[in-house]
Structure formats: structure tokens, C-alpha cells
1. Could you pull the Rg and Dmax for the stretch 487-571, using just the Cα atoms, both in Å?
2. Suppose we take every Cα in the stretch 256-354 and form the convex hull; what volume per residue is that in Å³?
3. Among the lysines, which fall within straight-line cross-link reach of Lys277, defined as a Cα-Cα distance under 18 Å, with same-chain neighbours fewer than 8 residues apart omitted?
4. Please work out, to two decimal places, the log10 of the ratio I(q)/I(0) at q = 0.05, 0.06, 0.09, 0.10 Å⁻¹ from a Debye calculation in which every Cα of the chain carries one identical scatterer.
5. Run the reach check for Lys52 against lysines, Cα to Cα strictly under 21 Å, same-chain hits fewer than 8 apart removed. What comes back?
6. Order these peptides, 514-524, 34-44, by their mean beta-carbon neighbour count within 10 angstrom, highest first.
7. Using a 7 Å offset from Cα along Cα-Cβ at Lys211, what residues in the stretch 223-256 end up with backbone N under 19 Å from the label point?
8. Quick one: dipole size for the chain, taken about the Cα centre, charges +1 on Lys/Arg Cβ and -1 on Asp/Glu Cβ, in debye to the nearest 20.
Amino acid sequence: MQFDIDRLIADFGGPAKLGDALNHAFPEDPVSRAAIYKWRERGSLPLSQINKLAQLAASQGRSFNIHSYAASAAATATGNTTPRDIQMGDRLFIFDTTLRDGEQSPGASMTKEEKIRVARQLEKLGVDIIEAGFAAASPGDADAIRTIAGIVENSTVCSLARANERDVRAAGEAITPAKRGRIHTFIATSPIHMQHKLRMHPDQVVEAAVKAVKIALEYTDDVEFSAEDALRSDIDFLAHIFDAVIQAGAKTINVPDTVGYAVPLLTERFFRELIAKTPGSDKVIWSAHCHDDLGMAVANSLAAVLGGARQVECTINGLGERAGNASLEEVVMAVRTRKDVFGVETHVDTTQIVPASKLVSTVTGYPVQPNKAIVGANAFAHESGIHQDGVLKHRETYEIMSAESVGWATNRLSLGKLSGRNAFKTKLAELGITLDSEEALNAAFARFKALADKKREIFDEDLHALVSDEMVTIEQETYRLTALKVVSETGETPVANLVMTDNGAEKHSDSTGDGPVDATFKAIEAVVASGAELILYSVNAITQGTDSQGEVTVRLGKDGRIVNGQGADTDILVASAKAYISALNKLDSKIERTHPQPV
């Protein structure tokens with residue numbers, strides 16, 4: 001919704017008088033004259049400032065109604081002068097799609113147990129909606145969604161579904177155990193998608209969307225509709241299809257930037273115009289789902305909030321298809337830190353952000369870059385002497401938020417070598433880790449004791465890595481490392497001696513290589529002969545200190561399939577062998593997954 005800001009400012013005596021009056025009335029939250037000029041330039045102003053203007057007018061003994069400043073064009077389009085910003089309130093819903101869109105990152109698919117652990121952490125984080133997967137993709141995905149729906153107490157559990165009856169009914173069945181369940185159905189609306197991918201006429205697309213929403217309502221009254229590639233769609237057609245699905249009963253309307261094409265200035269305008277043009281727009285929550293192909297997913301999501309969106313779809317660490325999605329931690333901390341601009345609040349417990357980031361990084365094998373905002377290892381590090389001096393004297397000189405506020409203080413010591421089995425089990429429960437049997441618990445505890453003998457201090461991250469390393473591929477394990485000896489000497493060719501099992505049969509192998517890791521991988525291939533291509537090899541220290549566990553990620557590709565394998569150990573070569581074998585087990589798995597087009 002656009003406003004006649006020039007007229008509003010003039011009614012308060014101009015920019016200088018308005019700025020002085022606001023600063024006199026609200027000295028704890030001053031506003032600059034430049035900010036007032038920005039309101040005029042944008043044709044809008046933050047909700048917090050609208051409230052202050054109302055209080056200021058009341059103190060001056062005159063009435064103030066923001067509705068009267070709505071631009072005539074927007075008023076004509078909607079037939080209603082009530083500004084969308086006011087009606088939608090100051091609550092921003094956080095829709096996390098790490099378990100669905102995040103899992104579409106190459107090789108990042110998670111086991112059911114890992115999905116459950118992530119879902120529990122997301123609930124602890126306080127996200128409003130957890131998109132737990134795409135039920136029609138595979139029986140395994142549907143089972144994981146159903147299990148998560150039965151476990152999660154406070155967050156809404158959602159399944160994605162294409163706009164066809166099979167997908168929607170699969171999603172409906174999967175969310176049945178949920179206390180609060182949602183079906184998220186979608187269909188493409190851009191001309192290029194309708195013509196070349198769907199090969200459907202626009203009227204057929206509208207019909208399919210309405211039918212999908214009506215079927216979804218048989219399972220839940222919480223139905224979300226997405227127009228895939230919305231930001232490249234005709235805005236009048238979007239208003240038409242959104243009108244139809246709102247009348248059919250959709251409660252949330254998602255406007256995705258599927259290919260990461262949008263820019264923030266145009267995104268805000270697009271949302272304002274679209275909301276103004278759509279009949280019944282005040283009956284639904286408007287949502288943004290942005291991809292990071294041009295590095296602007298977070299910026300576009302925040303622009304959408306300024307344009308009227310009150311739900312943002314995002315992922316932990318920005319994980320996702322191609323360049324990724326909007327980063328949850330960045331969106332949440334941006335609206336919290338700059339409430340003066342966005343005027344919205346989330347229900348996220350920000351102290352759980354770093355633990356969530358580390359967990360997702362561990363289970364997916366995607367390390368967080370050190371300079372990543374909020375959750376990177378260097379996010380709160382100050383190297384410059386001037387900065388260090390300023391922070392020591394007064395932290396706010398160079399820090400706009402504290403490390404503790406996003407959970408860095410929670411990187412705490414967990415257990416030691418004298419800790420008992422019950423303490424170990426209790427700690428796993430606190431971390432959201434549940435082992436299915438006493439046998440699994442005993443095996444994990446034995447590995448913990450072995451680790452405690454090598455490493456003086458055991459942290460939460462160590463336990464996540466330990467359990468992930470133990471649980472990954474257990475159900476379909478073909479290969480397992482038994483023993484590894486690597487000899488490497490300056491000027492000499494490294495030699496690896498390997499013992500591993502292949503379907504229970506013990507195999508021995510010796511190999512040389514350009515380095516100790518190369519020799520290890522060649523020794524494994526001498527047994528397996530997989531023919532896979534090594535796409536990525538990375539090493540990450542799980543915690544601080546020279547005795548830290550090394551976490552290795554290996555990405556293999558074969559016949560169009562890409563998988564990630566992880567391994568953790570205080571010995572990097574052992575961790576490397578575990579990671580390579582983990583990836584081979586996933587390649588050997590006959591489980592097939594089909595992903596929908598990314599929303």
C-alpha cells in the first residue's frame with residue numbers, strides 16, 4: 001500500500017518540524033530528517049513510526065488517521081483504504097524448510113533419525129512451521145513426515161504437495177498425527193513454466209490450484225498455496241489465481257522467487273501491488289520464499305516484509321537448492337535488530353540459533369563458512385586493534401548484537417571420561433537424540449568412552465558428530481571400516497593398509513597414493529571398485545583445540561546421483577576413510593528419491 005507521505009509530512013509542519021516534534025516526544029528513539037525523506041521517497045513508513053505519529057497527533061490535540069493518506073490508486077484497486085501494513089499486525093511467522101528445500105542441496109539428504117533430531121531442534125528454536133518434507137517423493141519421506149508430526153508438540157508440521165490429487169492426499173495422510181498440520185500445495189504460474197513445463201493453459205492452472213486446495217481441506221483447515229516462479233509471473237494473473245484459491249479456502253499465500261531473479265526494491269513494490277490487487281487479501285497471511293542465486297535471498301525476504309508479507313520461508317544456514325534459500329538466522333536477527341525499520345517480531349528463541357546451525361551442518365555435511373553472518377566462527381571476532389579497543393571499552397561500539405544472544409555461549413562442555421551411561425543418555429535426550437534400542441545406546445556409549453580416552457573435553461557438537469557417525473547408513477550398511485594403518489614420511493610414497501567388511505566379509509587392501517588421504521581412498525576403491533567420482537573433500541574441526549575431532553565430508557557422484565558422506569574422529573585419516581565409506585553406502589542404497597520442482 002502506497003501513502004501520500006508528502007501530504008502527511010506537510011500536515012505536521014514539514015520534515016524539520018516533524019523530526020523535532022518526534023524527537024522531543026520520543027527522545028529514547030530519535031529519528032533523523034534523512035529518515036523522514038526516505039519515507040517520502042519510498043511512499044511508506046515503518047509501523048512503529050505510524051504508532052508514534054498517532055501518539056504525537058493526540059498530544060497536539062488533533063486526530064490522526066493513517067487511512068486518509070492512502071494513495072488513491074491503491075485505494076481504487078482494493079476498494080478499501082485500510083492499509084495492509086496495519087491490518088497484518090506485527091507478528092512475523094517463520095516457516096522453516098530445511099528438511100524439505102534444504103535437503104535438495106546436492107548430497108544433503110538426511111536419514112529419518114537425522115530429520116527427527118533437526119525437527120526437535122527447530123521446535124526448540126521456536127519456528128512456527130516446520131516443512132518436514134515432500135510426502136509423495138518416497139515412502140521414506142512420507143514416513144519421516146508422519147513420525148515428525150507425531151513428535152512435534154508446538155510447531156505446525158507441513159508437507160509439500162504438487163497441485164494434483166495424488167500428492168495432496170499423500171501429504172494429508174502424512175500429517176495426520178500432527179497436533180497442527182498444514183498442506184503446502186503449489187503450481188507454476190509464470191508464462192515460461194506454464195508453456196514449457198506444465199504445457200497448460202492459464203485457466204487449467206487455476207482449476208488445478210483450486211482443486212488441490214479443496215482436496216487439502218479434507219485433511220486440515222491450514223492450507224498454503226504457492227505460485228511457483230511468482231516473481232516472473234504476470235501480476236494480474238497472480239491476483240486472479242490467488243483470488244480463486246482464497247475463495248477455495250487457502251489461509252496462506254506464498255509468493256516465491258523460485259530462481260533468485262528478484263531485487264529488493266522491486267520485490268517490495270511487487271508485494272504491495274499484488275496485495276492491493278488481490279480480492280480478499282486481508283483474509284490470508286502473505287508469505288515470501290526467496291532463493292539466493294544473486295545473493296539477495298535475505299534482502300528480498302526483508303523487502304517482502306516491508307511490502308506486507310508476514311511469513312518468511314527460510315532454512316538454517318541458508319541451505320537449499322542451487323545457491324540456497326534465505327538464511328533463517330539472518331532474517332530473524334535482522335528484524336530483531338532493526339525493529340525500527342521492520343516493526344515485526346518473531347517467536348524464535350535466538351539463543352538456539354547457533355546450536356541449530358551446528359546440528360544442520362553436522363548432519364548434512366555442509367560446513368558453515370567462517371565469515372557467515374550470525375553463525376560463522378568469525379561473526380563476532382575482532383581483529384582490528386581499533387575495533388578491539390572499542391569493544392573492550394563499550395561493546396556496542398562495534399557489535400550490534402551479542403554473541404550470547406544467538407547462542408554462542410551454549411557451546412559448552414558436556415561430559416567427560418568419568419561420565420556414566422545414565423548421564424550420557426540424559427545428555428542425548430537434552431540434545432533431541434533418541435536411540436531406538438538398548439543395543440544402540442550401548443554401542444554409542446562405547447564410542448563415547450573411546451572418544452573420551454582420546455579427547456579431554458567432550459562438547460555438544462562432539463556428541464552430535466559421534467551419533468551421526470554411528471547412525472548414518474546403519475539400516476542399509478554394506479561397507480564398514482575395521483582397521484586402517486597409514487605410513488607417510490617426507491620424501492617417501494605414502495602407503496595405506498586397510499581392513500574393511502563388504503556385506504559382512506572381511507577384505508584386506510594395500511595401496512599407495514600422492515598423499516595419505518589419496519592412498520586411503522585408493523585402498524578402499526581396491527576393495528569396492530565403485531567407479532564413483534570424488535566431487536568434494538573437506539575437513540572441519542568440530543570444536544576448538546588440537547585434540548578436537550575432525551569432521552570430514554566426502555561428496556561422490558555416479559550415474560547422475562550425488563551423495564555426501566560424513567566421518568568424525570580425532571584421527572583425520574580415519575575420519576576420511578569413514579566419510580568415504582559412508583558415501584559409498586549411500587550410493588549402494590537402492591532407495592530412490594524424487595524431488596518436486598523447487599518452490
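1. 14.3, 40
2. Once divided by residue count, the hull of the stretch 256-354 is 97 Å³.
3. Lys251
4. Relative scattering, expressed as log10 I(q)/I(0), comes to -0.26, -0.37, -0.78, -0.93.
5. Output for Lys52: Lys17, Lys38, Lys339.
6. 514-524, 34-44
7. Correct set: 224-228, 241-250.
8. 1040 debye
Computed from the coordinates by the stated procedures, all read-outs in this text should not be read as laboratory data. For clarity, every value in this text was computed on a predicted model and none was experimentally measured. Neighbour counts run over all protein chains shown; Cβ positions are idealised from the backbone, glycine included.
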